[in-house]
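The values are calculated or read from the model by the stated rules, or taken from the named source; none is laboratory data. Note that the structure is a prediction, hence the values are computed from the model and not measured. Note that each Cβ is placed from the backbone with ideal geometry, even for glycine, and that neighbours are counted across all protein chains shown.
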Amino acid sequence: MRRLIFWSVLLCGVGLGWLWTLDEALGVQLIVMCVGGMFGGAIGGGLSEIGSGNPKLQPSLTEEELHPIPGMGDSFRDREANYWRDEDHPPFMKPPPAEHGAHMLDADKNV
């Protein structure tokens, strides 16, 4: 039954493409029929639910399974724990401090 739905909608798309271009050249007819077949195949596949079998869903991995060694610094939990120390930069990626301190662009700074 699914194949019947798929093929009927596919052929309807090809037929509409052919009817649309009856007075055109053969090359234009073939191109529009192919485009109609593509749209008909996509719509027919969606209506007949081809390819939507029941895949077995696997549970997603937990944080401990993704990062089995705690404290490496690259998990969200480690970044949350060290937020104030690292200022939310990943390990070994903290930018160097400014040359003249944090206020090097202040207007009243005498360099």
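Within region 27-55, residues that are in the same structural domain as Cys12 (by TED's automatic domain parsing) have Cβ atoms under 7 Å from residues that are at pLDDT below 95 and among the polar types (S, T, N, Q) in these pairs: Val28/Thr21; Gln29/Thr21; Val32/Thr21, counting only partners at least 6 apart in sequence or on another chain.
Enumerate the helices (runs of 4 or more DSSP H) found wholly within the chain, keeping only those where 3 or more residues are at pLDDT below 85. Ranges flagged: 63-66, 76-81, 83-86.
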